[in-house]
1. For residue 25, all conditions in the list (1) surrounded by fewer than 17 Cβ atoms within 10 Å (Cβ to Cβ); (2) over 21 Å from residue 75 (Cα atoms) hold save one; what is the number of the exception?
2. Limited to the range 58-92, what total is found for residues that are over 17 Å from residue 13 (Cβ atoms), more than 18 Å from the chain's Cα centre (by Cα) and surrounded by 15 or more Cβ atoms within 10 Å (Cβ to Cβ)?
3. Quickly run through the range 12-51 and pick out the residues that are at pLDDT 90 or above, out of contact with any helix residue (DSSP H, G or I) (no Cβ under 9 Å at 6 or more places or on another chain) and polar (S, T, N, Q).
4. Any residue at all in the range 54-61 that is touching a Cys at 6+ places or on another chain (Cβ under 7 Å), touching a residue at least 24 places away in the same chain (Cβ under 8 Å) and farther than 30 Å from residue 94 by Cα?
5. I need a count of the residues in the range 1-24 that are within 12 Å of the chain's Cα centre (by Cα) and touching a residue at least 60 places away in the same chain (Cβ under 8 Å).
Amino acid sequence: MVVAPVDQRTVDRTCRHLEKLNKLCQNPKLGLRNSPPYLLELVPDSLQHLQLVVEVGKLRREPLWQQEYFCVYLRNLQSKTQQAIRIFKEGKDKITSGVTLQPSCQETPKLPTRVSESS
């Protein structure tokens, strides 16, 4: 599997996305519930752990950027934070107007059940 390389800029960008997502989650109009997974706890923890890994990684002989696992993790984290930010922005009007957002899984049409024929 080929993994796109990452560098310090990618880490910084991911940290900024996490900070922005944390700020969006703090909007009291959202009324986020304290139930797993609770974004207001997960996002700051993720940011703190990422910064800790980068700091400890600076002490190693092999840079983090050369480790495939870290590259995959960072790209995935960046993608998910961007996706969450996009969801908050797209749903901003509905959130502020008080309309409840429906999960996307409820929007999928139900497939008809197959009825077995008896002979």
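1. (1)
2. Counting residues in the range 58-92 that are over 17 Å from residue 13 (Cβ atoms), more than 18 Å from the chain's Cα centre (by Cα) and surrounded by 15 or more Cβ atoms within 10 Å (Cβ to Cβ) gives 1.
3. Within the range 12-51, 48 is the sole residue that qualifies.
4. no
5. 5
The values are calculated or read from the model by the stated rules, or taken from the named source; none is laboratory data. Just so it is clear, the structure is predicted and the values come from calculations on it, not from any experiment. Cβ sites come from the backbone with ideal geometry, for glycine too, and all protein chains shown count toward neighbours.
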